[in-house]
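Before any comments, here is the structure.
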Amino acid sequence: MQRIVSHKHFPQACALLFPDLEQAEVAERMLSCHTVDAFQWRIMYELIGSIVRRTTQGLTVSGLDALDKDKRYLFVSNHRDIMLDAAFLQKLLADAGLPTSEITFGANLMDGQLLIDLGRSNKMFRFVRPTTASSSRDFLIQIRHVSAYIRYAICQKGESIWIAQRNGRTKDGLDMTEQGVINMFCLSGGEDRSQSLGELHIVPVAISYEWEPCDKLKALELFARESGEPYVKKPGEDLNSILTGITQPKGRVHLAAGKPITEEELRPYSMLPNGDFNRKAAGMIDERITSLYRLYPNNYIAAWMLSGKKLGDFTPEQQQTFEAHVGKQVQGCPEKVKEILLKIYANPVLRNL
């Protein structure tokens with residue numbers, strides 16, 4: 001806490017995240033925190049609540065009330081915003097009387113002592129990506145270590161875990177679980193993959209934003225990739241995405257927790273080769289996330305603009321608002337960027353056709 005409040009960027013962070021409080025008051029609160037629980041309740045709970053009040057038209061939830069308070073879970077979530085997907089879950093867990101979870105955090109984002117300190121104080125732990133490992137052998141060693149830690153945390157330590165269903169955020173509106181994530185879960189288990197996954201109590205989670213976080217930034221990145229250009233992130237790009245996601249209007253936000261995936265459900269696939277088993281397990285998670293995802297008028301409007309089919313209800317006023325937003329985001333950009341941005345909103349509708 002002392003390192004955080006003395007950091008050179010602390011004043012700017014206070015002004016951005018706690019606009020209603022004096023810097024000295026925020027520093028005093030932080031220095032009074034001597035445990036992770038204290039930090040989460042005195043700082044993070046208030047901060048997330050402030051973000052909800054200032055940038056959303058309401059954060060709603062379903063499914064958490066069906067979870068057993070005495071069990072710990074592996075929350076496998078679709079991933080739309082770098083920070084807020086997991087942060088909103090923590091607030092909703094607390095509101096439901098459930099313990100907060102530990103959070104996987106990409107090693108590429110643990111950049112600098114300030115982010116490391118904030119992350120560790122918020123029960124985050126480093127998750128290696130292929131691009132941040134020095135070699136494929138080093139990547140496998142680190143992935144085995146993460147797998148073992150996740151199993152230890154849930155089965156012995158008594159902590160739930162949040163992890164994204166894929167490496168990085170969904171940028172095209174299609175939420176799909178990577179089979180490598182399933183394989184990673186199984187690395188620390190025994191030969192019986194059904195039992196190995198079942199004892200982790202996997203809960204599929206779908207978070208739905210009325211206004212997609214960083215929609216323009218995602219569309220520009222996809223445009224660069226589709227144009228055949230090697231996409232290299234600029235210095236500070238991840239931080240910019242974090243701050244944009246926190247501050248931009250999000251409209252309505254809904255988080256839905258699905259029924260935990262059980263060993264019995266996975267048992268019919270036990271005799272399949274590992275790759276086929278991983279594909280079936282990933283598909284099971286995808287089906288639940290897709291069924292839980294909440295569609296908003298923006299999704300239907302974008303689908304109509306692309307397909308010419310009216311697949312859901314929206315008003316002329318909602319259409320005008322959405323079209324104005326899209327026009328503002330793609331102003332000065334190639335026409336292809338508009339199509340990509342529309343797909344971000346439309347694909348959750350069109351994938352069901």
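The values are calculated or read from the model by the stated rules, or taken from the named source; none is laboratory data. Since this is a predicted model, take the numbers as computed values, not measurements. Glycine gets a Cβ as well: all are built from the backbone with ideal geometry, and neighbour counts include every protein chain shown. Ligands, DNA and RNA are excluded from the accessible area calculation, which covers all protein heavy atoms including side chains. Shrake-Rupley method; radii C 1.70, N 1.55, O 1.52, S 1.80 Å.
Ordering Trp162, Trp41, Trp211, Trp304 by accessible surface, largest first, gives Trp41, Trp304, Trp211, Trp162; the 1.4 Å probe counts only protein heavy atoms, with every chain in place.
Split the accessible area of the chain by element, probe 1.4 Å, and carbon with sulfur accounts for 52%.
Averaging Cα coordinates gives a centre for the range 67-118 and one for the range 141-181; these two points are 11 Å apart.
As a length-normalised measure over Cα pairs under 8 Å and 6 or more apart, the relative contact order of the range 181-338 settles at 31 percent. Classify the range 66-185 as rounded, prolate or oblate from the Cα gyration tensor: take a ≥ b ≥ c as the square roots of its eigenvalues, call it rounded if a/c is under 1.5, otherwise prolate when a/b beats b/c and oblate if not. It is rounded, given that a/c, with a ≥ b ≥ c, falls under 1.5. Of the listed pairs Lys171/Lys259; Lys218/Lys336; Lys250/Lys309; Lys234/Lys343; Lys216/Lys309; Lys218/Lys280, which have alpha-carbon separations greater than 20 Å here? Over 20 Å apart, Cα to Cα: Lys171/Lys259; Lys250/Lys309; Lys234/Lys343; Lys216/Lys309; Lys218/Lys280. Summing +1 for each Lys or Arg and -1 for each Asp or Glu, what net charge is found among the other residues whose Cβ lies under 12 Å from the Cβ of Leu272? Computed value for this residue: +3. Accessible area ranking (1.4 Å probe, heavy atoms, ligands and nucleic acids excluded), largest first, for Met1, Met176: Met176, Met1.
Given q = 0.14 Å⁻¹, what are the Debye log10 I(q)/I(0) values for the range 278-353, with equal point scatterers placed on the Cα positions and solvent ignored? At q = 0.14 Å⁻¹ the computed log10 ratios are -0.52. In terms of the Cα gyration tensor, with a ≥ b ≥ c the square roots of its eigenvalues, is the chain rounded because a/c is under 1.5, prolate because a/b exceeds b/c, or oblate? Verdict is rounded for the chain. If a spin label sat at a point 7 angstrom from the Cα of Leu295 along the line to its beta carbon, the backbone N atoms of the range 314-353 nearer than 13 Å would be those of 314, 345-353.
Could you size up the charge dipole of the range 54-212 around its Cα centre, putting +1 on the beta carbon of Lys and Arg and -1 on that of Asp and Glu, and report it in debye to the nearest 20?
Using Cβ point charges on Lys, Arg, Asp and Glu, the range 54-212 gives about 360 debye.
Using the Cβ of Ser291 as centre and a radius below 13 Å, the other residues enclosed give a net charge of +1, where K and R count +1 and D and E count -1.
In the chain, taking the dipole from charged Cβ atoms about the Cα centre, the farthest positive-side position among Ala303, Gly332, His79 is held by Gly332. When only Cα pairs below 8 angstrom with a gap of at least 6 residues are kept, the chain shows a relative contact order of 21 percent.
Let me make sure I get this right: for the range 1-139, a, b and c are the square roots of the gyration tensor eigenvalues over alpha carbons, sorted descending. Under 1.5 in a/c it's rounded, otherwise prolate if a/b > b/c, else oblate. Which is it? It comes out oblate by the Cα gyration axes. Per residue, the chain exposes an accessible area of 48 Å² to a 1.4 Å probe, with every protein chain left in place.
Placing unit charges on each Cβ (+1 for Lys and Arg, -1 for Asp and Glu) gives the range 131-247 a dipole about its Cα centre, and among Val146, Thr170, Leu220 the Cα reaching farthest toward its positive end belongs to Val146.
Quick check: net charge around Gly97, other residues with Cβ under 10 Å of its Cβ, Lys/Arg +1 and Asp/Glu -1?
-1
Using the alpha-carbon centroid of each, what span in Å lies between the range 201-269 and the range 314-353? If you average the Cα positions of each part, the centres end up 17 Å apart. Please tell me the relative contact order of the range 131-193 in percent, rounded to the nearest whole number, where contacts are Cα pairs under 8 Å and at least six residues apart. Normalised by residue count, the contact order of the range 131-193 is 37 percent. Per the Debye formula on identical point scatterers at the alpha carbon atoms of the range 28-104, with no solvent, log10 I(q)/I(0) at q = 0.15, 0.25, 0.27 Å⁻¹ is -0.57, -1.38, -1.46. Candidate membrane-span-like segments in the chain, meaning DSSP H helices with Cα atoms spread over at least 18 Å of their own axis and a Kyte-Doolittle mean of -1.0 or above, are 136-152, 274-292, 335-350, with no membrane implied.
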